[in-house]
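Have a look at the structure below, then the notes.
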Amino acid sequence: MQAVSLPAPAPPLNATGESLGGDHIDLAWDPPTDTPGAIFRVYWDQGSGYNIYALRTSVRGATYSEGGLNPSTRYRYLITTFDGERESSPVGVAIETHSWLRLPLERIIGASAARSVAAATHEPLPAPSAAPSSPLPSEVMLGLMGTNDYLDDLGNLHLVGEVHNDMAHNVDQIRVRVTFYDDASSVLEAVTGSALLDLLAPGQRSPFVIVWENAADWQRFSLRATARSTTERAQEGLTVVHSYARLDEKGLYHVLGTLKNDGLSTAYYVSVVVSLYDSFGKISNAGFAHASPSRVPPGTAASFDCSFEYFPYLAEHAVQVAHR
């Protein structure tokens with residue numbers, strides 16, 4: 001008998017957005033009637049002006065508030081309905097923040113991006129001065145990808161996700177801040193953590209794990225990931241030769257493997273970061289492990305073993321070397 005695939009849920013209805021200031025946007029929509037208790041996924045373009053969207057957050061209610069934004073910037077959002085297995089077609093909303101901060105465009109989005117905007121809109125930019133009056137802030141915002149959350153046996157909430165370096169340069173000192181809200185949109189808790197990889201090259205991504213101890217009953221959360229621009233580089237020559245997974249007799253899931261130092265200098269205290277993904281490519285869990293031995297001279301190898309207690313819907317894993 002041929003299996004019958006269920007249709008995707010209906011998209012949200014009457015999606016609207018409003019900017020209440022130079023750094024704040026509120027989104028609202030009506031849930032579809034055919035998907036009670038659905039989760040809604042909110043994607044955004046980070047105000048870039050390009051049709052490239054990253055998952056911003058998942059909420060159980062029909063509203064979402066975004067703070068800490070740039071003034072006089074047009075943000076585009078996509079909202080979908082997710083029933084736990086299938087995702088609806090997206091509904092788009094575009095909102096422009098107000099200009100009460102009165103900052104020049106180059107200070108808000110950077111000189112190169114400002115030139116792109118000016119070319120697209122045929123609006124001239126003021127000529128750059130010989131020396132900027134003040135240095136550009138070193139803090140940058142990172143892209144956010146999929147998330148997963150689960151409760152451990154002690155009632156602690158684990159929020160697992162990924163950040164992506166969309167910049168054209170390396171970043172480090174990565175910080176992820178998650179804010180949890182109740183059904184009245186009041187803040188329950190704000191927790192800040194670090195990415196498991198502290199140095200990201202352009203296009204590279206890193207998992208993060210945020211733990212909220214003794215978590216309360218929350219309805220939605222928002223995420224913000226920042227980093228510092230840096231000229232530092234990862235140590236060259238460290239590569240993962242192979243990896244595999246197995247279950248032990250205690251029910252723990254292990255990702256094991258070997259890394260090799262093909263570089264010219266000895267590496268010390270090398271560790272690896274392991275990401276687990278489900279069949280949809282969404283991250284399920286993440287962790288890290290130290291390589292053994294801790295000293296890896298050129299031309300030699302080391303082994304690693306990263307174990308997990310929580311590993312639902314596994315399809316594949318990814319291993320990255322976390323050493324610079």
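The values are calculated or read from the model by the stated rules, or taken from the named source; none is laboratory data. Since we're looking at a predicted model, the values are computed, not measured. Here Cβ is always computed from backbone atoms with ideal geometry, including for glycine, and neighbour counts include all displayed protein chains.
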(request) Please specify each residue of the range 279-291 satisfying the condition of being surrounded by fewer than 17 Cβ atoms within 10 Å (Cβ to Cβ) and part of a loop (DSSP other than H, G, I, E, B). (result) Ser279, Phe280, Gly281
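Only residues that are under 15 Å from Phe288 (Cβ atoms), in contact with an Asp or Glu (Cβ under 8 Å, 6 or more places away or on another chain) and at pLDDT 90 or above: list them for the range 174-199, please. Before you say what the answer is, go through the steps one by one.
First, the residues of the range 174-199 that are under 15 Å from Phe288 (Cβ atoms): 174, 193-199.
From the residues that got through so far, the ones that are in contact with an Asp or Glu (Cβ under 8 Å, 6 or more places away or on another chain) too are 174, 198-199.
Those that are under 15 Å from Phe288 (Cβ atoms), in contact with an Asp or Glu (Cβ under 8 Å, 6 or more places away or on another chain) and at pLDDT 90 or above: Ile174, Leu199.
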(request) Within the range 27-72, track down each residue that is modelled with pLDDT of 85 or more, β-branched (Val, Ile, Thr) and surrounded by fewer than 18 Cβ atoms within 10 Å (Cβ to Cβ). (result) Ile39, Thr63
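Right, Arg205: at pLDDT below 90 and either under 24 Å from Val176 (Cα atoms) or among the hydroxyl-bearing types (Ser, Thr, Tyr) (or both) or not? Talk me through it step by step, then tell me what you get.
Details: at pLDDT below 90: no; either under 24 Å from Val176 (Cα atoms) or among the hydroxyl-bearing types (Ser, Thr, Tyr) (or both): yes.
No.
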(message) I need a count of the residues in the range 73-87 that are closer than 18 Å to Asp30 by Cα and modelled with pLDDT under 90.
(response) 3
(message) Scan the range 93-109 and tell me whether some residue there is modelled with pLDDT of 75 or more, surrounded by fewer than 17 Cβ atoms within 10 Å (Cβ to Cβ), among the acidic types (Asp, Glu) and in a strand (DSSP E or B).
(response) yes
(request) Read through the list (1) small (Gly, Ala, Ser); (2) under 21 Å from the mean Cα position of the chain (by Cα); (3) modelled with pLDDT of 90 or more, then give the number of the only condition that Ser222 fails. (result) (3)
(request) Go through the residues of the range 231-247 one by one and say whether even a single one is surrounded by 12 or more Cβ atoms within 10 Å (Cβ to Cβ), of a type in the set (Lys, Arg) and closer than 30 Å to Gly155 by Cβ. (result) no
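Could you grab me the full set of residues in the range 209-223 that are in contact with a Gly (Cβ under 6 Å, 6 or more places away or on another chain) and crowded, with 16+ Cβ neighbours inside 10 Å?
Ile210, Gln219, Arg220
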(message) Suppose we keep only residues that are without any contact (Cβ under 8 Å) to a residue 24 or more places away in the chain and under 19 Å from Arg86 (Cα atoms) within the range 14-49. Which one would you say is nearest to the chain's Cα centre (by Cα)?
(response) Gly37
